[in-house]
Amino acid sequence: MSRGEQGVKRAATAALLALLATGCGDGNVSPSSVQQKAHTLSQQTLDALRPVIGSAGTSVALSEWEQCTTETPGQHRFDYRYVLTLHVPAAQSKAVMDAARAHFKEQGYVPDIPIPNSTRVGATEAHSSWWVGVGVSNGSASMFISVDSKCVFTTHDPPTIASP
């Protein structure tokens, strides 16, 4: 291997390690950018479900920041969760979750390991730690779309933080 090829390989390895360390390709991002991405992923999923759920309404059930338990001095790592309630009867859940699976596959997401008789489906966005799920709300007759950033490095502490 030539010197130039070794340098390219080292640079590629360093970039990959940096990507893995951040949990997403964005590196240090503003909390508002994290929230925007969560909203975008939930909207894309909602749009993919529209043929099945029609004009069913939605409401925000949760929008919450939580500080990650492992911290590095000088770093800001937080988990952002965003959940939309779908005003869809749980009786439609199979069709809705089938549409979600198809959407995740079309987007190239990595599907969760199937759990028999589960009331949700989920997948992780390819090459990142972002998770999106669709399912039946516990103890409820409605459904949800849930998006989780996992722990991401942010440029500063988010304005509202749930206690760990």
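The values are calculated or read from the model by the stated rules, or taken from the named source; none is laboratory data. Values in this document were obtained by computation on a predicted structure and should not be read as measured data. Because the Cβ atoms are built from the backbone with ideal geometry, glycine has one as well, and the counts that use them run over all protein chains shown. These accessible areas exclude ligands, DNA and RNA; they are computed on the full protein's heavy atoms, side chains included. Shrake-Rupley method; radii C 1.70, N 1.55, O 1.52, S 1.80 Å.
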Practice problem: Within the stretch 107-160, work out how many residues are closer than 30 Å to Asn28 by Cβ and free of Cβ contacts under 8 Å to residues at least 60 places away in the same chain. | Solution: 11
Quiz item: Does at least one position in the stretch 86-94 carry a residue that is over 21 Å from Leu49 (Cα atoms) and either loosely packed, with under 14 Cβ neighbours inside 10 Å or at pLDDT 90 or above (or both)?
Solution: no
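Mind checking which residues of the stretch 38-49 are open to solvent by 20 Å² or more (accessible area, probe 1.4 Å) and touching a helix residue (DSSP H, G or I) at 6+ places or on another chain (Cβ under 9 Å)?
Step one: list which residues in the stretch 38-49 are open to solvent by 20 Å² or more (accessible area, probe 1.4 Å), which gives 39-40, 43-44, 47-48.
Once the filter is applied, which keeps residues that are open to solvent by 20 Å² or more (accessible area, probe 1.4 Å) and touching a helix residue (DSSP H, G or I) at 6+ places or on another chain (Cβ under 9 Å), the stretch 38-49 yields Gln44, Asp47, Ala48.
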Practice problem: Determine which single condition Asp98 fails, assuming it passes every other condition in (1) at pLDDT below 95; (2) surrounded by fewer than 17 Cβ atoms within 10 Å (Cβ to Cβ); (3) of a type in the set (Asp, Glu). | Solution: (1)
Self-check item: Subset of the stretch 50-85 [surrounded by 12 or more Cβ atoms within 10 Å (Cβ to Cβ), within 28 Å of Ala141 (Cα to Cα) and either among the aliphatic types (A, V, I, L, M) or in contact with a Cys (Cβ under 8 Å, 6 or more places away or on another chain) (or both)]
Solution: Val52, Ile53, Ala56, Ala61, Leu62, Asp79, Val83, Leu84
Quiz item: Given the conditions (1) of a type in the set (Gly, Ala, Ser); (2) surrounded by 15 or more Cβ atoms within 10 Å (Cβ to Cβ); (3) outside any strand (DSSP E or B), which single one is not true for Ala141?
Solution: (2)
